[in-house]
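Q: Structure below; questions to follow.
The values are calculated or read from the model by the stated rules, or taken from the named source; none is laboratory data. What you see is a predicted model; the values in this text were computed from it and never measured. Here the Cβ positions follow ideal geometry from the backbone for every residue, glycine too, while neighbour counts run over all protein chains shown.
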Amino acid sequence: MEIKIVEEGPELLAEYEKVSIAFRVETFFRVKLVENGLGGLMLFEENVEKPYIKDYDADENPARWAARFNLSNWGFLSAFEGSKRIAGAVIAWHTTEIFMLEGAEDLACLWDLRVAPEYRHRGIGKSLFGAAISWAKKRKCRLLKVEMQNINVPACRFYARQGCHLGGFNLHAYAEEMNETALIWYRKI
């Protein structure tokens, strides 16, 4: 399997979003604050009561990002096997309306990373992550930031394997009925 990663423009986001980001949720990380939050936190993996499919594109698909954000400083990477689009990554940088960027010019955010279900667990995500790091490094970024939800245990483990460190969390980032916690990962560049 020969995979080619190319940088594209935002005009191809309608094609990009055809790669499914959906995944099956079977477990989640329960966040437990130690000593009233002053001693740190612990993550405990637990089974969900009833497994379900989570699809981030159901709420906001990539083709709609241009209507919400200035994408002129973003990177759009796509992976192909031959002419078939199989994966992609989007990096946000130097965009004032993205609060995760904290107004810092030396911080990039991995906004999206997706691999088609039939291509997962083959190293394609790792290659895209490396390409995202290279993209950010060229812009003199010192950190790559990733927000992940506690219900995406495989992705959290993936980012840890890529050298990311859990640097924060937000128990109230999402609507209460979603029952999700934001976990903020950082990777030094």
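Q: Among the listed residues 167, 163, identify the single one that is out of contact with any Phe, Trp or Tyr (no Cβ under 6 Å at 6 or more places or on another chain) and either buried (at least 16 other Cβ atoms within 10 Å of the Cβ) or farther than 19 Å from residue 52 by Cα (or both).
A: One residue alone meets the criteria, 163.
Q: What residue, of 67, 22, is within 19 Å of the chain's Cα centre (by Cα) and small (Gly, Ala, Ser)?
A: The conditions single out 22.
Q: Sticking with this one: Please determine, by comparing only the residues of region 25-37 that are closer than 26 Å to residue 89 by Cα and of a type outside the set (D, E, K, R), which one is surrounded by the fewest Cβ atoms within 10 Å (Cβ to Cβ).
A: Within region 25-37, the match that is surrounded by the fewest Cβ atoms within 10 Å (Cβ to Cβ) is 27.
Q: Then there is this: Within region 38-63, count every residue that is at pLDDT below 90 and surrounded by fewer than 10 Cβ atoms within 10 Å (Cβ to Cβ).
A: Here the count works out to 4.
Q: Take residue 111 and tell me if it is surrounded by 13 or more Cβ atoms within 10 Å (Cβ to Cβ) and under 17 Å from residue 185 (Cβ atoms).
A: yes
Q: Moving on to the next point. Would you pick out the residues in region 29-55 that are under 19 Å from the mean Cα position of the chain (by Cα) and over 18 Å from residue 157 (Cβ atoms)?
A: Once the filter is applied, which keeps residues that are under 19 Å from the mean Cα position of the chain (by Cα) and over 18 Å from residue 157 (Cβ atoms), region 29-55 yields 53, 55.
Q: Are any residues in region 150-162 outside any helix (DSSP H, G or I) and either touching a residue at least 40 places away in the same chain (Cβ under 8 Å) or over 17 Å from residue 89 (Cα atoms) (or both), and if so, which ones?
A: 150, 151, 152
Q: Next question, about the same structure. Please determine, by comparing only the residues of region 114-123 that are surrounded by fewer than 22 Cβ atoms within 10 Å (Cβ to Cβ) and closer than 20 Å to residue 57 by Cα, which one is farthest from the chain's Cα centre (by Cα).
A: 118
Q: May I pose another question? For residues that are closer than 15 Å to residue 101 by Cβ and either crowded, with 18+ Cβ neighbours inside 10 Å or modelled with pLDDT under 95 (or both), scanning just region 136-160, find the one that is farthest from the chain's Cα centre (by Cα).
A: Within region 136-160, the match that is farthest from the chain's Cα centre (by Cα) is 141.
Q: So, of the residues in region 175-189 that are assigned to a loop (DSSP other than H, G, I, E, B) and touching a strand residue (DSSP E or B) at 6+ places or on another chain (Cβ under 7 Å), which turns out to be surrounded by the fewest Cβ atoms within 10 Å (Cβ to Cβ)?
A: Filtering region 175-189 for residues that are assigned to a loop (DSSP other than H, G, I, E, B) and touching a strand residue (DSSP E or B) at 6+ places or on another chain (Cβ under 7 Å), the one surrounded by the fewest Cβ atoms within 10 Å (Cβ to Cβ) comes out as 189.
Q: Turning to a different aspect of this structure: Quickly run through region 84-99 and pick out the residues that are surrounded by 13 or more Cβ atoms within 10 Å (Cβ to Cβ) and farther than 18 Å from residue 66 by Cβ.
A: Once the filter is applied, which keeps residues that are surrounded by 13 or more Cβ atoms within 10 Å (Cβ to Cβ) and farther than 18 Å from residue 66 by Cβ, region 84-99 yields 85, 86, 87.
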